[in-house]
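Down below is the structure, laid out as structure tokens.
The values are calculated or read from the model by the stated rules, or taken from the named source; none is laboratory data. Predicted model only: the values in this text are computed from it and were never measured. Note: ideal-geometry Cβ built from the backbone for every residue, glycine included; neighbour counts use all protein chains shown. SASA here: full protein model, heavy atoms, side chains in, ligands and nucleic acids out. Shrake-Rupley method; radii C 1.70, N 1.55, O 1.52, S 1.80 Å.
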Amino acid sequence: MPTPIRALNAIVGFSEMMTSGIGGELSPTHAEYAGLIHQSGKHLLEVVRMLLDMSRIEAGKFELQSEPFRPQDIVEPCFAMVETL
């Protein structure tokens, strides 16, 4: 049985293949769906990784690494995910 991270990586990978047209041209609706699957899969993968990090923190085995980032790189995809709601 695959681990959750492997399964999510497969979902992200296959949806990326679909959006890139490797398996053939998608209709606009299906391309949109594949894009949403890809984006949501990446988001869920990050959630799982955060949960794993939280368990490392609780176990005292987490090493903090800081790095600069652009807030809009985080905020814009969040707005895009909920804009239709």
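The figures follow:
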| item | result |
| --- | --- |
| So Ser40, is it polar (S, T, N, Q), closer than 24 Å to Arg6 by Cβ and modelled with pLDDT of 90 or more | yes |
| Every residue from region 76-85 that is open to solvent by 100 Å² or more (accessible area, probe 1.4 Å) and either assigned to a helix (DSSP H, G or I) or modelled with pLDDT of 90 or more (or both) | Glu76, Phe79 |
| Residues within region 48-75 that are open to solvent by 70 Å² or more (accessible area, probe 1.4 Å), acidic (Asp, Glu) and more than 14 Å from the chain's Cα centre (by Cα), tallied | 3 |
| Residues satisfying the stated conditions in region 32-47, i.e. touching a residue at least 12 places away in the same chain (Cβ under 8 Å) and open to solvent by 40 Å² or more (accessible area, probe 1.4 Å) | Ile37, Gln39, Ser40, Lys42, His43, Leu44 |
| Extreme residue, farthest from Ile74 (Cα to Cα), among residues of region 14-30 that are surrounded by fewer than 14 Cβ atoms within 10 Å (Cβ to Cβ) and hydrophobic (A, V, I, L, M, F, W, C) | Ile22 |
